[in-house]
Each structure stands twice: as C-alpha cells, then as structure tokens.
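The numbers here are math on the coordinates, done by the rules we state, and not lab data. Values in this document were obtained by computation on a predicted structure and should not be read as measured data. Here Cβ is always computed from backbone atoms with ideal geometry, including for glycine, and neighbour counts include all displayed protein chains.
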Amino acid sequence: MNTTISDSGIVVAVGRSARAGAIERVREFVDAVSRRDLDTARMLIAADFRITVSGGQIFRTLEDFVAFSRSRNGALTKQIEGFDACEIAVGVSVYVRGTMSGSWLDGSNFEGVRFIDRFWLQDQRIIEMQIWSDLAEFRPR
C-alpha cells in the first residue's frame with residue numbers, strides 16, 4: 001500500500017485489491033504461455049497446478065498442455081476482451097474471455113472462436129486453469 005499526504009494534510013492510502021493482483025498475475029501467465037516462455041509461466045503457478053480443457057482432459061505440467069495443443073492445432077492467438085475476478089473460498093477466481101484465431105494442422109485458418117479461461121489463485125499462485133471454448137465447433141470434419 002502506498003501512503004501519501006495530500007495538500008490538505010490528509011493521509012491518503014492507495015492499495016491494490018486481491019482481485020486486481022490476481023488479474024495482473026493471470027495476465028502475466030497468459031502472456032508468458034502465449035510466448036511459450038514456460039519458465040516465466042512456471043514461476044506463477046503452484047506446485048499442485050493443473051489445467052482442465054474442454055472435454056475434461058487434465059494436465060499437470062505446462063509442457064504436457066503445450067504438447068496436447070500442438071497435436072490439435074497450429075498457431076493460435078487469443079484476442080482478450082476482458083478479465084473478471086471475484087473472491088472464492090480458496091482465494092480469487094479470474095475469468096479471461098475473448099475469441100481465438102489460428103490455423104489447423106492442415107493449414108486452414110479459423111477465427112472468431114469464443115473462449116473462457118477460468119483461473120483459481122491462492123496466495124497469488126495459480127492453482128488451477130479451466131478452459132472452455134467453441135474450438136470443436138470450428139474443427140474441420
């Protein structure tokens with residue numbers, strides 16, 4: 001918390017909420033994973049971290065998650081529309097919402113695919129990430 005004294009002599013304190021800190025942490029994580037900077041991303045997660053993707057598959061390491069993603073599609077870019085956060089029993093939950101664009105393994109492109117990623121944070125560490133998207137609806141048949 002920063003404390004300053006205003007011109008009127010009143011002490012003014014400016015603090016960051018737990019939600020704001022959690023959003024910042026998630027933004028750092030999403031940016032690091034999108035750059036495939038797994039070392040930086042790993043510093044933001046808890047030891048018992050897990051990722052659950054649409055369809056219910058669970059990953060315990062970032063490397064396994066990235067390998068799974070590479071087996072399903074080529075390049076992928078997320079256009080983030082917003083972050084929402086709320087307190088939960090274990091800490092803070094952050095929702096990241098937006099759309100994705102990218103390419104399939106056959107080289108064809110997709111765009112406008114909706115997604116929501118939900119993060120659970122405890123003590124400023126990401127303990128879980130849940131991913132929901134319409135990607136299967138766009139997959140070539």
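The table that follows gives values for the structure above.
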read-out: The stretch 95-100 - phi-based ³J(HN,Hα) in whole Hz, Karplus 6.51/-1.76/1.60, Gly and Pro as x; value: 9, 10, 10, x, 10, 10
read-out: Helix axis angle, 18-34 relative to the chain longest principal axis, alpha carbon, degrees; value: 30 degrees
read-out: For Kirkwood radius over Cα pairs in Å, calculated from these coordinates, the label among [x] 23.5; [y] 17.9; [z] 16.6; value: [z]
read-out: Local net charge near Leu135, Cβ-Cβ under 12 Å (Lys/Arg +1, Asp/Glu -1); value: +1
read-out: For Gly98, residues with placed amide H under 5 Å, excluding near neighbours; value: Glu81, Phe115
read-out: Global form of the stretch 58-116, assessed from the alpha-carbon gyration tensor, a/c cut-off 1.5; value: oblate
read-out: Neighbourhood charge, 10 Å Cβ-Cβ cut-off, centred on Met100 and excluding it, Lys, Arg +1 and Asp, Glu -1; value: 0
read-out: With Cα atoms, 0 to 90° folded angle of helix 62-72 axis to the chain main axis; value: 40 degrees
read-out: Antiparallel %, DSSP beta bridges [both residues in the chain], to 5; value: 90 percent
read-out: Cα centre as origin, Lys/Arg/Asp/Glu Cβ charges: the stretch 17-138 dipole, Debye; value: 80 debye
read-out: Within-11-Å neighbourhood charge of Gln79 [Cβ basis; K, R +1; D, E -1]; value: +1
